[in-house]
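In what follows, a structure is listed as structure tokens, so that the remarks can point back to it.
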Amino acid sequence: MKKLSCVIMLCASVFSFAQNSTSKIPSDAAVVATIKGNNLLQLMSIDELNNSFMGTEILKELSRKQTKYNSLEDFGFDLNGSAHYFFQANDSINYNAFIVPLKNVTAFESFLTTQSKKEIANVNGIRSFKDHNQDGIVWDSSTLIMVVGSTNEAYFQNPEVMERYGLTEDDYYGYTIDDAVVATAEDYADEVIDAEEAYEEEIEETVIESTESEEVYEDQYMEEEATEVVEYDYNNDTSNYQIKSAINKNWALLKAEQLLTQQSNRSILKNKSYLSSLDSKAEATLWVNDFGQLYSNMLGSMYYNQLVGFDLSSMYANNGLTAKLFLENDKMVLNTKYSMSDQMADSYKKMTSRKLNKKFLDYVNEDRMIGFMSYCIDTEAMLEEYPKLMKSMYSNMPYYGEEASLGIDLFSLLLDEEAVGEVINGDLLFLLSGISQQEVTYTTYQYNDDYEYVEVEKTKTETVPDFLLMASTDEPSMLNKLIQYTVNKEMVTFNNGYYTFEIPRSPLAIHFVIKDGIAFLGTSEAEMNKIVSGTFDAKVTSKTKKMMLDNSYSVFVSAKQLAQQLPIEEMGIDRSGKLEWFLNTTEDAYITASKIKGNAVNSEMVVGVPPTEENALKYIFNIIEKFAK
């Protein structure tokens, strides 16, 4: 059955599925992800999916002697619809749920019985496996719902809860289970199934009485959820582990049934934040409502959180995320929008107020650049604002919250943020201009013919990068003092106007100098000589300038440049040639993060699609096939 569940999830994620199944998602879902089958099928037809490497492998894996599948449509899924995943949590259990539209329920059930050999039960249109020996999997004529539950251990440590379900402290985790316990657990499972059948009758009554007011329905819903397990006899001789496993499975099944019969006025479609995240052109979307609430549900009761006292829920309260994936003909684009609370937005705005030093551009040459990373932060503001955020996370520590807050205040008092900010302003530019192999001589020891342990000099080849790092400084005197100290201690040498630090047992030498308010650190002697002499041959396009200067963070990689300079064969990292193929066929890729606007930061990740491919989706399938074979 686990294999069957994995297959269904794979189909939902790869060939996502034209009815609106969004109404099955509850209004209080914390995370929602959607894949739009209709958009994907505009990029790749059903026939192309069937004949693709992934399609043929799935069909071959699931075809048996008595049943042969020729198309992905034979499984009964609605490939033109949208498949959803959502996460929902409360104090007792976390739910991971998958919602997949069905086109042909008869074909789907035939697929299930062929794969699992299990009997299907149909109670008032709600279908499931008759023995319920599985996490919550239910469906009707148009929708499949799978719910996987994960109980929260802290909830079951509550004395009242432990008494209610017959849990004991001595064998809390229940790892030691003898035959008598197993036999008792089987009886207990039968009781759970009987209770589930009783609940199915309640589901029918709830559907019939749909004319009741929303308030009455909600009261009935909460009463069912509160009493559904109390009627079971948990006070028997089963282990804690088996009791909680049965509760987990039962709750997951009940949740799946509730979702299948859920009224639209209880769905996520009533959530304005979620509705604003929708985009009909995106092939896939991800929405996170509130990271603070998410951390509270997932981490609030964990042991390390109780011990150390991290309160991430307070620090990230009212912070949300929206992500959209677009698969186009010439590129794939992932756009994200991170929304912050007023407090965090105010701090973040101050911390990222600095812009990249325009003088950095005088030392960029794109002709010999594999990639770059730019980063802008105001060091002074960061040292002032970050402790405030830390206090919100540490102040609620159960044992040392007051001491932690006091320590943070003392740190801020003793630190001269302005002075540090003048020494290291906070804007950085890292350039990777080459990768090469060099021979290095090293000393080792081995036995000679007379069995004497002697010193031997050998050589080896190492791969070293050529890079240049630049950082702004308004007050270089402290850095100069540090450099002079290393010179006095003969740790570095000074030649041709710059300093050099030789790394022991390595061909790599680090050269550095401070000039015109910029601290330079790099590995290329030629580039360092040009910097010192003022003869650096800069070459940078307007597109690259805009990417560096307009964003608080940016990363760029030229895969082809990397393929040309990376000694793949010599390094022995790709004997199959797959990595070399990937680097040679992939176009440029970059990531940018904008300055904060309002309370939101927008980021974009773009990967180019080679002209030999029709679109991004087919390129992804081609990559999977190349690396899988």
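Which of rounded, prolate, oblate describes region 320-384, given a ≥ b ≥ c as roots of the alpha-carbon gyration tensor eigenvalues and a/c under 1.5 marking rounded, otherwise prolate only if a/b is larger than b/c?
Values: a/c = 4.05, a/b = 1.07, b/c = 3.77.
Taking the square roots of the gyration eigenvalues as a ≥ b ≥ c, region 320-384 is oblate.
Please state the shape class of region 419-477: rounded when a/c is under 1.5, otherwise prolate if a/b exceeds b/c and oblate if not, all from the C-alpha gyration tensor.
On the way: a/c = 7.23, a/b = 2.55, b/c = 2.84.
Verdict is oblate for region 419-477.
Taking label points 7 Å from Cα along the Cα-to-Cβ direction, Asn529 and Ser150 give a separation of 5.8 nm.
How would region 528-629 be classified by its alpha-carbon gyration tensor: rounded, prolate or oblate, with rounded meaning a/c under 1.5 and the a/b versus b/c comparison settling the rest? List each step's numbers first, then the result.
Numbers: a/c = 2.56, a/b = 1.26, b/c = 2.03.
Judged from the Cα gyration tensor, region 528-629 comes out oblate (a/c at least 1.5, b/c at or above a/b).
Were the residues from Thr463 through Gln564 laid out at 0.36 nm apart, the gain over their Cα-Cα distance would be 34.9 nm. Spin-label model, Glu475 to Asn94: label points 7 Å out along the Cα-to-beta-carbon direction sit 4.6 nm apart. Each of Tyr363, Ser353, Thr336 was scored by the projection of its Cα onto the charge dipole of region 335-375, and the greatest displacement toward the positive side belongs to Ser353; charges sit on the C-beta of Lys, Arg, Asp and Glu.
Sites listed here are chymotrypsin sites (Phe, Trp or Tyr not before Pro) in region 409-471 whose DSSP assignment is loop and whose Cβ has at most 14 other Cβ atoms within 10 Å: Tyr451.
Per residue, how much accessible area does region 412-536 have with a 1.4 Å probe, in Å²? Could the numbers behind the result be given before it?
Numbers: 7490 Å² over 125 residues.
That works out to 60 Å² per residue.
Once the chain from Ile624 to Met491 is taken as fully extended at 0.36 nm per residue, the excess over their C-alpha distance is 42.9 nm. Taking all protein chains as shown and a probe of 1.4 angstrom, Leu321 keeps an accessible surface of around 40 Å². Spin-label model, Ser276 to Asp550: label points 7 Å out along the Cα-to-beta-carbon direction sit 2.3 nm apart.
Within region 524-617, report the trypsin sites (Lys or Arg not before Pro) that DSSP leaves as loop and that have at most 16 other Cβ atoms within 10 Å.
Taking region 524-617 and a limit of 16 other Cβ atoms within 10 Å, the loop trypsin sites (Lys or Arg not before Pro) found are Arg575, Lys595.
Ranked by accessible surface with a 1.4 Å probe, highest first, in what order do Phe108, Phe501 come?
On the way: Phe108 0, Phe501 75 Å².
These residues rank, largest area first, as Phe501, Phe108.
By how many nm would the segment from Asn365 to Ser116 lengthen if fully extended, with 0.36 nm per residue of separation less the alpha-carbon distance?
Details: separation 249, 0.36 × 249 = 89.64 nm, distance 6.10 nm.
Difference between extended and current length: 83.5 nm.
The values are calculated or read from the model by the stated rules, or taken from the named source; none is laboratory data. Since the model is a prediction, treat every value here as computed from it, not as a measurement. Using ideal geometry, Cβ is built from the backbone for each residue, glycine included, and neighbour counts are taken over all protein chains shown. Accessible surface is based on the protein model in full, side chains and every heavy atom, while ligands, DNA and RNA are left aside. Shrake-Rupley method; radii C 1.70, N 1.55, O 1.52, S 1.80 Å.
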